[in-house]
Amino acid sequence: MTFTGNSSNAWRRSAPVTRPVPPRPPRTGRPTGGHCGNDPWDTGRVKSMEVRGVWWLPHASQDKQAGTLSLDADQCALVLDACFANPDPNANADGIVHFTRLFDIISERVIWGESTTGDQHYSLLECTTHQAFAGVQMTGQRHVARMILSGYHATDDGVKFDVATLAYRHLLDWAAWLGLGLAKKEERNELVGTVRMGTIRRSTHETSDAIIHLDEIRPYEYDARHLTISQQARIVLQLNEPLGWQALIENYVTPLHDLVSFATLTGSAIDQIEVHPVGAPDDCMAQLSFRSVDMKRSVDVTRLHNVDMLFTLADTRQWPDVFASWFSVYPEYRRVLQQLLSTEYAPFEWAENRFLGVARAADALGGRLFRQQPFTRDEINRVVAVLQEGVESCDLRDYAIRVVRGGNYYPQRDKLRFLVENVSGVGEDVLSSAPTFIEDVKAVRDGLTHPSPAGNPGIERRFWLEQALRWVLRASLLKVLGVSEDEVTRLVRRNRNYQAAMSELARTT
């Protein structure tokens, strides 16, 4: 996924960070880039990237090669017209190298680049390519990069960041901002606008590792007769201890991405990741880019209403802070969420795989919410002792002990019943629409894993069973976040997709 500035004249004020960027007076026109190569007020959108420029290794700045950097859903690669000089220390005095070395994979921690116009800098992190002959210039040498840092030359792939600004699709809808305050009037045939501009801090959460801000930003553009204002939402991370790009994505980017997707009930996308590298100028905000399957999707982004979402930021005022709750439970329930959200991220999956993904999520959640084993270890050991004394056949005794020790778990039917009973309001709705819901879900799941006619109720019926099971899981996870039973029921029942699911579930029963 790439996060690059576009060519619009929209400006945004940077969200307050530890080292605040001085506010820029409003104007039109596009500025020239500085050392970072991108203006900190420029808006960014997700799109593929193709950059023509010159590229070199940090320790060999005299060896610059022309090439093209491409980033889309299939690749994140730099293709050089020639190749970097490659003196091989293992070559003999005549420079002869064994032919098999051509196929060796070599790694470069970082490759620097500069666009042909010279107004943008790039650092390609953790690159791999194939070994070239010593002293031989090869055409089309291809370097595959794991991450692209646009706007900054990192000394190596160990570069760390102390501030990050994250933008997600539908974050603004979830935050449920108030409208803009705008007063306008006609004076001498010119439109004069008075607008409350700047950054508004909507929520702040402090952990032991970072301070998380949720900000509203209002970019604008204007001329003598027109004034256009829009709203944006950003999550700003002020990290107490700088993190590398892998830890940043693992600890913050992905959990917050899952939060937006879970709350909005739609596959969110990462619109932008801006970072401040440690040691860079205070006003330098570079951009992280990486390959993502979402880049191939053409999505018409529409506004969401509260009846489309599971909950909004405004709803969380009645229960514990959403960021505190989310980061508290996320490590334990991450696998459950990944199974539940996987089809939101990849909606092109087969219908059978979608159902199995939700069924696996239910199995995992049921095991975490309730006692995972019906009997204690002491109880099992007492049964094993009886078998050892009372069964004469060694083979039968060993088999019985393996069954007793390996079968100490609740079957899926019991886990489904636990989940439905755990959310009484939603559970009542589901069982009212489909009295045999638990048996039907188990039959479909067993029928897909062990194909049989009994587990094939039809495509339409299977779809609505899956949707109902999703709502049971969502309601259970809301309770995990600290939402009361009554509030869970209210939030779920107001959703129009839930209402439709219960109606269709009853119709297909």
ask   = Tell me, which residue of the stretch 114-134 that is small (Gly, Ala, Ser) and closer than 29 Å to Ala286 by Cα is modelled with the lowest pLDDT?
value = Gly118
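To keep it simple, each residue is scored yes or no on (1) at pLDDT below 95; (2) open to solvent by 30 Å² or more (accessible area, probe 1.4 Å).
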| residue | (1), (2) |
| --- | --- |
| Val441 | yes, no |
| Thr449 | yes, yes |
| Arg462 | yes, no |
| Trp471 | no, no |
| Asn497 | yes, yes |
Condition met for Asn353 (outside any loop (DSSP other than H, G, I, E, B), surrounded by fewer than 17 Cβ atoms within 10 Å (Cβ to Cβ) and modelled with pLDDT under 85) = no
Residue in the stretch 209-230 that is modelled with the lowest pLDDT, counting only those that are within 22 Å of the chain's Cα centre (by Cα) and surrounded by fewer than 18 Cβ atoms within 10 Å (Cβ to Cβ) = Asp209
query = Quick one: how many residues across the stretch 369-385 are without any contact (Cβ under 8 Å) to a residue 40 or more places away in the chain, open to solvent by 10 Å² or more (accessible area, probe 1.4 Å) and in contact with a helix residue (DSSP H, G or I) (Cβ under 7 Å, 6 or more places away or on another chain)?
reply = 2
query = Given Ile111, Ile106, Ile148, which one is touching a strand residue (DSSP E or B) at 6+ places or on another chain (Cβ under 9 Å), at pLDDT below 85 and not aromatic (Phe, Trp, Tyr)?
reply = Ile106
task = Give Val307, Val275 a once-over and let me know the one that is open to solvent by less than 70 Å² (accessible area, probe 1.4 Å), more than 15 Å from the chain's Cα centre (by Cα) and at pLDDT 90 or above.
result = Val275
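Taking the stretch 451-460, which residues are exposed (fewer than 12 other Cβ atoms within 10 Å of the Cβ) and at pLDDT below 85? Write out each step before concluding.
Pass one, the stretch 451-460, residues exposed (fewer than 12 other Cβ atoms within 10 Å of the Cβ): 451-454, 458-460.
The answer is Pro451, Ser452, Pro453, Ala454, Gly458.
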request  = Please find, within the stretch 313-367, the residue that is nearest to the chain's Cα centre (by Cα) out of those that are more than 21 Å from Trp471 (Cβ to Cβ) and acidic (Asp, Glu).
outcome  = Glu332
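The values are calculated or read from the model by the stated rules, or taken from the named source; none is laboratory data. Predicted model only: the values in this text are computed from it and were never measured. For neighbour counting, all protein chains shown are included, and Cβ atoms are generated from backbone atoms with ideal geometry for every residue, glycine included. For the accessible areas, the whole protein counts, side chains as well, though only heavy atoms, and no ligand, DNA or RNA atoms are used. Shrake-Rupley method; radii C 1.70, N 1.55, O 1.52, S 1.80 Å.
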